[in-house]
Every structure is written in structure tokens, then in C-alpha cells.
Amino acid sequence: MARSLLGMTLASDLGGERVSGIIVETEAYLGVHDAASHAWRGRRHRLYNGIYAPAGTWYVYRSYGIHWCLNLTTPTADDGAAVLIRAVVPVTGIDVMRRRRGPVPDRQLTNGPGKLGQAFAITGETDGMRATATSSLRLMPRGHRRKIPIAVTPRIGITRAADWPLRFLLVGK
């Protein structure tokens, strides 16, 4: 799932203004068997229960009490797996993103999960929203079908299971 999201467009009407971007970086979290996952060992916490939502649901949590991070739950047998959307390349609403993010270079508008959350007006209210074609936050398929080169690396910004090769990036983006 983390690979298949690469190259798709993430579009948002959250906050009353349209923004979109091409997904260029994701990370997979494998649920109860993944020490870096909020679902590790089946633990439950009111702040992270969204990870157990049905596949195709936006799971949003606050990182370090500051940044809203966007994940999509994946098709599993209730074991809490999800894909973190780490970065997008802005396409639509760049002026809106600039206003939301402040005076940063354009290449830094959405090049991290917290930055993406801010630029796309993602908040805790987004948690539990279904990722349907008519949702305020939705995925749109790639406009082309050519093979996209993908790099696979260990995940970043975590301390447990950090060496697992579950970070996926579009090469050259």
C-alpha cells in the first residue's frame, strides 16, 4: 500500500480552500508486530485508536504534541496497520500553502509530515474521515501509467524498528 500511494494526488478542501500535491514519500507501519507502530502489541490509547479504523480511513495523530501527521489505514485483519504520508510535491493552491506555512522556500512547504499537515489544514478533526472520492481529503489516481522508480530506505524519525526498509520515495522528486 505504501508503494501504491506514490505518484497519487492528495487533494484537500479542508479549511475551505483547495490544495493538492503528488505523493512522493510514504512510510509503512505494520501494526501489532511493528514496535514503531501505535498499534504495537495491540495497545490501545484514546489518542491513537484511529489506527484500528477500517481500511481507507484517515488516521491523524499529533507528533510531539505539535504536528498533525496524516496516515491511511490499510487492509488488515484489525491489527492497526497504516501508511504515513511523509511528503508531497505541491500542485494546486501553492499560494494557500504559503499562507498556511509562513515564509519558507517552496521546496519546504510539504517536505515532511508535519509540514504537509499544516499546508493541507489537517487537524485532529480529520481523524476517522473516510478517504472517498467525495471526501474533503481524498486521493486521486495517477494520470499516467508509466513505471515510477522507487527508492526504499529505513524509516526515519523513529527509534524502534528504525532499520526496517519501510520508507518509500519517488526517485528524483
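For every residue, the table says whether it meets (1) touching a strand residue (DSSP E or B) at 6+ places or on another chain (Cβ under 6 Å); (2) at pLDDT 85 or above; (3) surrounded by fewer than 18 Cβ atoms within 10 Å (Cβ to Cβ).
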position: Val24; (1), (2), (3): yes, yes, no
position: Asp34; (1), (2), (3): no, no, no
position: Ser37; (1), (2), (3): yes, no, no
position: Ile51; (1), (2), (3): yes, no, no
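Screening Arg46 against (1) modelled with pLDDT under 85; (2) of a type in the set (Lys, Arg); (3) within 19 Å of Thr159 (Cα to Cα) leaves a single unmet condition, (3).
Looking across region 157-172, the residues that are part of a loop (DSSP other than H, G, I, E, B), over 23 Å from Pro54 (Cβ atoms) and touching an Asp or Glu at 6+ places or on another chain (Cβ under 8 Å) come down to Ala161, Trp164. Do we have any residue at all in region 122-136 that's part of a strand (DSSP E or B), in contact (Cβ under 8 Å) with a residue 60 or more places away in the chain and over 20 Å from Ser63 (Cα atoms)? Yes, region 122-136 contains at least one residue that is part of a strand (DSSP E or B), in contact (Cβ under 8 Å) with a residue 60 or more places away in the chain and over 20 Å from Ser63 (Cα atoms).
Considering (1) hydrophobic (A, V, I, L, M, F, W, C); (2) loosely packed, with under 15 Cβ neighbours inside 10 Å; (3) farther than 16 Å from Ser12 by Cβ, the lone condition that Ile148 does not fulfil carries the number (2).
Scanning region 60-78 for residues that are modelled with pLDDT under 90 and not β-branched (Val, Ile, Thr) turns up Tyr61, Arg62, Ser63, Tyr64, Gly65, His67, Pro75, Ala77, Asp78. Of all residues in region 11-22, exactly one satisfies the criterion of being among the aliphatic types (A, V, I, L, M) and crowded, with 24+ Cβ neighbours inside 10 Å, namely Val19. When Lys147 is tested against (1) part of a loop (DSSP other than H, G, I, E, B); (2) closer than 28 Å to Pro54 by Cβ, exactly one condition is not met: (2). Test Gly102 against the criterion of being modelled with pLDDT of 85 or more, out of contact with any Lys or Arg (no Cβ under 7 Å at 6 or more places or on another chain), loosely packed, with under 13 Cβ neighbours inside 10 Å and farther than 20 Å from Asn71 by Cα, and give yes or no. Yes.
For (1) within 21 Å of Ser135 (Cα to Cα); (2) hydrophobic (A, V, I, L, M, F, W, C), each residue gets a yes or a no:
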{"site": "Arg62", "(1), (2)": "no, no"}
{"site": "Trp68", "(1), (2)": "yes, yes"}
{"site": "Asn71", "(1), (2)": "yes, no"}
{"site": "Pro75", "(1), (2)": "yes, no"}
{"site": "Gly80", "(1), (2)": "no, no"}
{"site": "Ile85", "(1), (2)": "yes, yes"}
{"site": "Gly93", "(1), (2)": "yes, no"}
{"site": "Arg99", "(1), (2)": "no, no"}
{"site": "Pro103", "(1), (2)": "no, no"}
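What number of residues in region 103-121 are among the hydrophobic types (A, V, I, L, M, F, W, C), touching a residue at least 12 places away in the same chain (Cβ under 8 Å) and more than 20 Å from Val171 (Cβ to Cβ)? Of the residues in region 103-121, 4 are among the hydrophobic types (A, V, I, L, M, F, W, C), touching a residue at least 12 places away in the same chain (Cβ under 8 Å) and more than 20 Å from Val171 (Cβ to Cβ). Output the number of the condition that Thr159 fails; it satisfies all remaining conditions of (1) under 16 Å from the mean Cα position of the chain (by Cα); (2) among the hydroxyl-bearing types (Ser, Thr, Tyr); (3) at pLDDT below 90. All conditions are met except number (1).
Let's see how each residue does on (1) of a type in the set (D, E, K, R); (2) out of contact with any Leu (no Cβ under 9 Å at 6 or more places or on another chain); (3) closer than 13 Å to Glu25 by Cα:
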residue: Asp95; (1), (2), (3): yes, yes, no
residue: Thr110; (1), (2), (3): no, no, yes
residue: Leu116; (1), (2), (3): no, no, yes
residue: Met129; (1), (2), (3): no, no, no
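The values are calculated or read from the model by the stated rules, or taken from the named source; none is laboratory data. Note that this is a predicted model, so its numbers are computed, not measured. All Cβ positions, glycine included, derive from the backbone under ideal geometry; neighbour counts span all protein chains shown.
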